[in-house]
Amino acid sequence: MPDAPAPDLDVADQGVDRRFELSGRQINGQEMDIARVDEVVELGSTEVWEVHNRDGVQHNFHVHDVQFQVLSIDGAAPPAELAGWKDTIFVRPGTTVKIAMRFTDYADPDTPYMYHCHLLMHEDRGMMGQFVVTEPGQVAADSIDDHHDH
């Protein structure tokens, strides 16, 4: 099967902006906390996220708000069936995937989006995190409650 065409996003020289370690019921060593903002993304940015599955079980990494393109799987070009825009990527045990996405439409430091394992049992047990998209120069709080404690 031929390799997928190059992604539409110009990220050839861009390093990894964020890393996500999937393990147990956690992402980056933390279970979901609805009051916590885990990541802050700037509107208009193009980012590369690296997702590593440290588990012996599969995970499906899903990102809300945006679609992404798969750049690599364990450093190799993705297969043709992973060409185009995605919102979920299957991450085999011990595998690392790199995905690229643009944040171009909505900014609101008070309303977070989710990223999570899209397997319902993992998602329900807390394998999720939250990010907010902010305008350039806008400061987001570390928690959702920070916006409401005025």
Using only the alpha-carbon atoms of the range 59-106 as identical scatterers, what base-10 log of I(q)/I(0) does the Debye formula give at q = 0.23, 0.24, 0.27 Å⁻¹? -0.83, -0.89, -1.08
Note the per residue figure in Å³ for the convex hull of the C-alpha positions in the chain. 109
Identify, among ALA100, THR111, PHE131, the residue whose Cα sits farthest towards the positive end of the charge dipole of the range 88-135, taking +1 on the Cβ of Lys and Arg and -1 on the Cβ of Asp and Glu, with the dipole about the Cα centre. ALA100
How large is the charge dipole for the chain, taken about the Cα centre, if only the Cβ atoms of Lys, Arg (+1) and Asp, Glu (-1) carry charge, to the nearest 20 debye? 680
When the gyration tensor of the range 73-131 is built from Cα positions, what are the square roots of 5 times its three eigenvalues, in whole Å, from largest to smallest? 23, 18, 10
Distance in nm between pseudo-label sites at MET114 and ARG36 (7 Å out along the Cβ direction from Cα): 1.7
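Values quoted throughout were computed directly from the atomic coordinates according to the rules given, and no laboratory measurement underlies them. This one's a predicted model, so the numbers in the text were calculated from it and none came from an experiment. Because the Cβ atoms are built from the backbone with ideal geometry, glycine has one as well, and the counts that use them run over all protein chains shown.
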